[in-house]
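Data block below; observations after.
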Amino acid sequence: MNIVSITIDTLIIKCEKGRNLLTVARENGFDIPSLCFMEHLLPSGACRLCVVRIDGMRGLKSACTLGAEEGMVITAFDDEIEKIRRTTLELILADHDLDCSVCHQNGECTLQDLSYRYQIGVEQNREFNPIYERQVPPVDNTSPVLEYDPGKCIRCGICVQACSFLQGKGVLDFVERGMEAYPSPEYMSWKESSCDGCGECVQNCPTAALTEKPVNGRYRIIDIDRKIRTTCGYCGVGCQMDLWIKDNKVVRVRGAGPDVLPNRGRLCVKGRFGYEFLNSPERLTTPLIKENGEFREASWDEALDLTARKLSGIRDQYGSDALTGLASARCTNEENYVFQKLMRAALGTNSVDHCARLCHAPTVAGLVRAFGSGAMTNPIEDLAGSDCILVTGTNVSETHPVTATYIRNARDRGAKIIVIDPRKIDLVHGSYLWLRQRSGTDVAWINGLMHIILEEGLADRDFIESRTENFDALEEAVKSFTPEKVEEISGIPADKLREAARAFATADKASIVFAMGITQHVTGTDNVLSLANLAMLCGQIGRPSTGVNPLRGQNNVQGACDLGGLPNVYTGYQKVEDPEVRAKFEKAWAVDHLPEKNGLTVVEMMNAAGKGDVKGMLIMGENPMLSDPNLNHVEESLKKLDFLAIQDIFRTETTRLADVVFPAAAYAEKDGTFTNSGRRPLRVRKAVNAPGESREDWRILTELSTRMGYPMEYRDASEIMDEIASVTPIYGGISYKRLEEENLQWPCPDAAHPGTSYLHKDKFSRGKGRFHPVDFIPPAERPDKEYPFVLSTGRMLFHYHTATMTRRSTALNSFAAEAYAEIHRDDLKALGIEDGTMLRVTSRRGEITVPAKESERVAPGVIFIPFHFHESPANRLTNDALDPISKIPELKVAACRVEAAGESL
C-alpha cells in the first residue's frame, strides 16, 4: 500500500495514494456536503457541492472526483467556498418542488438536510427564488412498485449509476438536455420499459424523486417505530435488509448497506416489495382440525394432543418406518434441527427429507464424491472478481437476482461470461458466448470441453498432479467426445464449443455457476461430477473467485441440509449408518437407540404412501401438491395416509388434504438463522408479532415431541443454536454472539476459528480431489410421435416456489398475474395457434391448460412453463423418474403434446 501525506485545512493526514479525496476528508471529520456522491458508486461531480480549493490547481475542484496525491494542500472550508456551495444549493432548490411538509421523504432527504444546514428558506435569505413557471414532465406512477416525480429530481445521476453500476442492467439514462434533462427508463414509461422493479434507484435516490409505492400505507421516517435488520425470506442469496416497522406492520424494506455481506445493500423486487403477505387476511391464525371433510378451529392443546396421539399410535402399531416427515427450506436452522431431532429421537425414523431433494440433492452427492464437501466453494460476492464465469442450468437473473448483479459486475469489468442454457435467458445479453444445448445433454458438452482442453494442452497439469487422483480414467473417458460428436448429441456448434473451452481454460480466475438446470435430471449427479471434473482439470478451485458454485433456490435450503433435514445424515452431514456417529447422537439426545438405516426420500415417501406402507406424515412449511413431480400420483398417495399434519402460514394445495393444520410464524415474526448458498449463517430477527395464535415452528415441534414422550425444552432459538454447535463440527464455532459481530462461513469448528471464505484452499476436504469418468446417458423420456414436444419447468423473477407468499403481493401480481407456456413462433404457426391462445399441454402423467406466450427464449420443439401457479400446475406433467444416486426426479425434461385447449383429444 502506497501511503501519502496530504493537508486539509492545516490538518496533516496520512492515507492511501489515490483514495477518494471526499471520503478521506469525511473520515477525518471534514463534513464536506454532497448530493451526488456515494462511496459504493462511481463519482460524477454532478452536484458541485463538494468543491474544494487545492494549491497549485486553478479554480475549485470537486473533491469526489479526485484521488489523494502526495503533498496535496486542500482548503475544504472558507467563506468563499461556503458561499459558492450555498449558491449552488439555491440553484438546485430553485428548480425543485418545495413541498417538504407533505413529502413522505421528510426526514430522509439529503437535499432537505442541506437546506437546513445552509438555512435556506422558501423565499427568505435567497438569492435565487423558485422557478414557478418551469416545465416539468408529469409524475410517472405506471410502475407497479415505484413512482417517479421529475419535480423533485435534482439530476444527480445516482439512479442511473445504481441501475448500471450496481445492478448492471442499464435501464436508466438521461434524456433531453440542460434544465429539461431527466432520467428515463429507455425513453418509455416505467411500465413499458424493461425495468424489473428491483428498487435500487429508489434506495439510493437522495430526494423523493424516486419512491416506493406504499404497500401498508405511506409513512415518513419520523413515523417509523423501529428498524429491524434481518435476512430475506426468499431465495438462497441471504440478502441482509432492514425492515421498517409501524404499528406491528412492515411498511418499508431497505437493503442493509453497501458494506454488508452478502448483498452489499442490493435487493430484488421480491425482497424489497414482496412483504405484503405478512399482513394478509388469509394468514392462518388458529389450529384447524378436519371433521367430516371440513376444517374447524381448535385450541392448541386439542390439536397438539390429537397429532401426538395419532403419530405415536401409528409408530406403536405399524412401526417407525410407517412415519415420514418433510422439513423445510423456508424455516430456520434451529427449526430444522428440532424437526429432524423429533423425527429421529421421538418417532424413531430417518425418513426425513425436504425440497432439497427436488433441487440440489445431486449437488451434495456429486461434490462430496469429488471434493469431500457438497456446498458452494466460494462466497456469492466473490463472483464479481472472476475473469471467466461459466453459467449453466440457472436463469440466475430471475432466480437469484442479486447473484446476477455480481456476474454482471464481473462482465462490465471485462470478464467473459459463457452461458450454456437451452433458453435464451436474460444473462445472454452482453455475454461473451451463449451455447444452446438440447435439454438433457449436459454430460456430453462438458466432456467435450474437457476433450478440447486436453487436446490443446490447456489443462493445469501441476494442479492435477499435486491435488487430484484418478485423472487417467477421466482422460480416457473424454477421448471420444470430440467437438463434432458433441455437436451431434447436443446441437452446440463445434467451433463455439472450442471457443468456450479456450476462454474457460485460459482464464486466471474462472468460476462455474449452476442450479437446477444441471441437477433436475436422471443424470443429475453425473452432471455435477462432470462440472467438478472440469474445474479440477483447469485448476480453477481453492482460490478466490474460482470454484464450483451451486446456487441454492430457497432461503434456507443450505441450512436445512446442514442441519440434518435429509434421510441419510444427521447435522453437518454425519452419516446415520455410522455406528460411532449414531452413538454420539444417542448420548447427546439422551436416547437408547436411534434408527440404523437410511430413511426414505421425498419421492420414495410418496410411492410408499401410495402402496400403504407409510401411514402418517408431518410436513413443516412444504407444499408438495404444487412442487413435487407427477402431482396426480402425489395427491393419490397423500389421500391414502391415515394421518397428515401440516405446519404452515397459509392454507395451501397440500393443507386441504391434512387432518390437522398448525398456524406458523413467518420469517419476520421469529428469531433464528438461515444459511445462504455461500455457507454463511445469517441472523433472522423478529420484527413483528405473528398474527392470531400463530407460533414459531420450533415451539410447535417441542410441544408435540413432549406430548409423544420425548421432552424437548428450549429457552429461545439461541439455545438451540448452542446445541447445534455442540454436535455439529462444521458449526462448532457458530453462536449468536459471533454472528452479531462477524461474517462467518462454515466450516467454523470452534470459537477461535474465523470461518472459511472459500473451500479446498490447500487440500480438498477429502484429501485429494477425485476425477469421476462419466459417460453420456440420454434423458429418461424423449419426444416421440405422440408427445413431440420437450417440456421444461422453472421459476420466474416475480414469484417464488409455490407462490403462497408472492401471489399475495399486489405489486408482484401486477408484474405476473398468471401462468404461461413459452413456445416458439414456428411452433405456434405449425399448430395454427396465436399468441395468448389457451393451450392444452398433455404428458403421460396428466394435462393442464395454460395460455401460450410466443417467445424466442425457447427453441422450436420446446416449451417452458413456470411451476408457481395452481391454476396451471406444471408438475402435473413432469416426470418422477429418479437419478439412481441422489433420487432427484427429472423435472427438466418431459415429453408432451401441445394443442389448442378447444381441440378434442
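The values are calculated or read from the model by the stated rules, or taken from the named source; none is laboratory data. None of the values given here were measured: they were computed from a predicted structure. Using ideal geometry, Cβ is built from the backbone for each residue, glycine included, and neighbour counts are taken over all protein chains shown. What goes into the accessible areas is simple: the full protein's heavy atoms, side chains included, and nothing from ligands, DNA or RNA. Shrake-Rupley method; radii C 1.70, N 1.55, O 1.52, S 1.80 Å.
Mind running the shape call on the stretch 535-618? Use the C-alpha gyration tensor, a ≥ b ≥ c as the square roots of the eigenvalues: rounded below 1.5 for a/c, prolate if a/b tops b/c, oblate otherwise. Because a/c hits 1.5 or more and a/b fails to exceed b/c, the stretch 535-618 counts as oblate. How far is helix 697-707 tilted off the main Cα axis of the chain, in degrees rounded to 10, range 0 to 90? Helix 697-707 sits at roughly 30 degrees to that axis. When the Cα positions of Val661, Ser397, Ile724 are compared along the charge dipole of the chain, Ile724 comes out farthest toward the positive end, with charges on each C-beta of Lys, Arg, Asp and Glu. Think of the stretch 789-900 as having a plus end and a minus end, set by charges on the Cβ of Lys, Arg, Asp and Glu; of Ile888, Ile865, Pro851, Ile888 sits farthest toward the positive end of this dipole.
Element breakdown for the chain at a 1.4 angstrom probe: carbon and sulfur atoms account for 47% of the accessible area. Within the stretch 46-91, the trypsin sites (Lys or Arg not before Pro) that combine a DSSP coil assignment with at most 13 other C-beta atoms in a 10 angstrom radius are Arg58. Here are several values of Rg/Rh (Cα atoms, Kirkwood Rh): [x] 1.16; [y] 0.98; [z] 1.12. Which one was derived from the coordinates shown? Working out Rg/Rh (Cα atoms, Kirkwood Rh) from the coordinates points to [y]. Any idea how far the Cα center of the stretch 241-259 sits from the one of the stretch 567-626, in Å? When both Cα centres are located, 38 Å separates them. Working from Cα pairs under 8 Å separated by at least six residues, relative contact order for the stretch 583-739 is 14 percent.
Computed with a 1.4 Å probe over protein heavy atoms only, the accessible surface of the chain comes to 37 Å² per residue. Electrostatic bookkeeping for Glu200 treats Lys and Arg as +1 and Asp and Glu as -1; over the other residues with beta carbon under 10 Å from its beta carbon, the sum is +3.
Compared with the dominant principal axis of the Cα atoms in the chain, helix 442-455 is inclined by about 70°.
Between 0 and 90 degrees, the angle of helix 524-537 with respect to the longest Cα principal axis of the chain falls at about 50 degrees. Dipole magnitude for the chain: computed about the Cα centre from +1 point charges on Lys and Arg Cβ and -1 point charges on Asp and Glu Cβ, it is near 500 debye. Measuring between their Cα centroids, the stretch 854-895 and the stretch 726-743 lie 39 Å from each other.
Taking a ≥ b ≥ c as the square roots of the eigenvalues of the alpha carbon gyration tensor, the stretch 131-279 is prolate, as a/c is not under 1.5 and a/b beats b/c. Between the listed residues Pro483, Ala298, Phe504, the Cα displaced farthest toward the positive end of the dipole of the chain, a dipole computed from Cβ unit charges relative to the Cα centre, is found at Phe504. Using the Cβ-Cβ distance between Arg218 and Asp472 with R0 set to 60 Å, the FRET efficiency works out to roughly 0.35.
For the stretch 533-604, a simple Cβ point-charge model (Lys and Arg +1, Asp and Glu -1, everything else neutral) yields a dipole of about 320 debye relative to the Cα centre. Among the trypsin sites (Lys or Arg not before Pro) in the stretch 652-739, those located in a DSSP loop and surrounded by at most 12 other Cβ atoms within 10 Å of their own Cβ are Arg715.
Within the stretch 826-855, the GluC sites (Glu not before Pro) that combine a DSSP coil assignment with at most 12 other C-beta atoms in a 10 angstrom radius are Glu834.
Only helices enter the 222 nm calculation for the chain: every DSSP H run of n ≥ 4 contributes -39,500 (n - 2.57), and dividing by all residues gives -7500 deg cm²/dmol, rounded to 500.
This model, with +1 at the C-beta of Lys and Arg and -1 at the C-beta of Asp and Glu, gives the stretch 267-350 a dipole about its Cα centre of some 360 debye. The distance linking the stretch 15-87 with the stretch 431-475 is 51 Å (Cα centroid to Cα centroid, whole angstrom). Over the stretch 285-362, Cα pairs under 8 Å with separation of 6+ residues give a relative contact order of 23 percent.
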